[in-house]
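To start, the structure itself, in structure tokens.
The values are calculated or read from the model by the stated rules, or taken from the named source; none is laboratory data. Please read all numbers here as calculations on a predicted model, not as lab measurements. Methodologically, a virtual Cβ is constructed for each residue, glycine included, from the backbone with ideal geometry; neighbour enumeration extends over all protein chains shown.
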Amino acid sequence: MNKLTLGRRAFTLIEVLLAVALGGSLLAAASIYVVSLTGIWLNRGDDDFFNQHVDGVTLFLTNALAQSEGFGEEQTDPVSWGRPPGYSELDEPLLTFLLKESPALLAWEHEPLPGVSCHLFFRESEGLSLIWFSRHNNVEDIEDAYRTVVSPFITHISYCYFDIESESWEIVDHPEEDRDGQFLLPEFLKIRFEHEEEMREIPIYLPQRNQAIPLF
């Protein structure tokens, strides 16, 4: 019986050249990719990040407030002063609004919740957050609600009121009160963003019923 013997076969010159060419192409492509990423990283400054963050937060707040609903069957103002569950009467009320459905930022376990009550919660050292919960859930205390950070770069909020008598705007650091000590709803909020040496102030309109006032 003849025995079949397998001998080793070396690469031909053409195969070697093809392998070198293919390896060079892959290396060149990888180099271009790394250089591109490096360029993007070097050209990505804090200005771009900061401005994109400010624009994104402004768009989110504007859309959320524009889609807010009135409270109860009386259909009061879409935004009002209110207290989350567990807040005492001694705690200052928060700007509160209702949404038919939680937006993507407030999704719970990747699913939107229906009938969401939102409270704007601001602290200078923490920025702006939303305390929120679904009105269809049994929420009796603040610990039962969710808290989502909207922006840690918001360092100040001003309240803008329009004086009908003087036909001028009044911008104050604290909400104005009526004769009974109840907070008055401002027409605008002026929100200040700060990050390192960058600073921007953005007006946020608060929708109200039957409102006919001039814009800034």
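Scan (1) out of contact with any Phe, Trp or Tyr (no Cβ under 8 Å at 6 or more places or on another chain); (2) modelled with pLDDT under 90 for the single condition Asp55 breaks and write down its number. Single failed check for Asp55: (2). Taken together, the residues in region 105-134 that are farther than 13 Å from Tyr146 by Cβ and touching a residue at least 24 places away in the same chain (Cβ under 8 Å) amount to 6. Residue count for region 158-186 under the criterion of being under 18 Å from Phe121 (Cα atoms) and acidic (Asp, Glu): the result is 2.
The set of residues from region 88-116 being modelled with pLDDT of 85 or more and either part of a strand (DSSP E or B) or within 13 Å of the chain's Cα centre (by Cα) (or both) comprises Leu94, Leu95, Thr96, Phe97, Leu98, Leu99, Lys100, Gly115, Val116. Looking at Ile202, Ile154, Ile164, Ile131, just one residue is crowded, with 19+ Cβ neighbours inside 10 Å and over 18 Å from Phe97 (Cα atoms), and that residue is Ile154. The test for being crowded, with 19+ Cβ neighbours inside 10 Å and more than 30 Å from Glu198 (Cβ to Cβ) holds for Pro84. Would you mind stating whether Arg147 is at pLDDT 90 or above, surrounded by fewer than 16 Cβ atoms within 10 Å (Cβ to Cβ) and in contact with a His (Cβ under 6 Å, 6 or more places away or on another chain)? So Arg147 does not fit the description; no.
Taking region 94-104 as the range and being in contact (Cβ under 8 Å) with a residue 24 or more places away in the chain and either surrounded by 13 or more Cβ atoms within 10 Å (Cβ to Cβ) or touching a His at 6+ places or on another chain (Cβ under 6 Å) (or both) as the test, the residues that pass are Leu94, Leu95, Thr96, Phe97, Leu98, Leu99, Ser102, Pro103.
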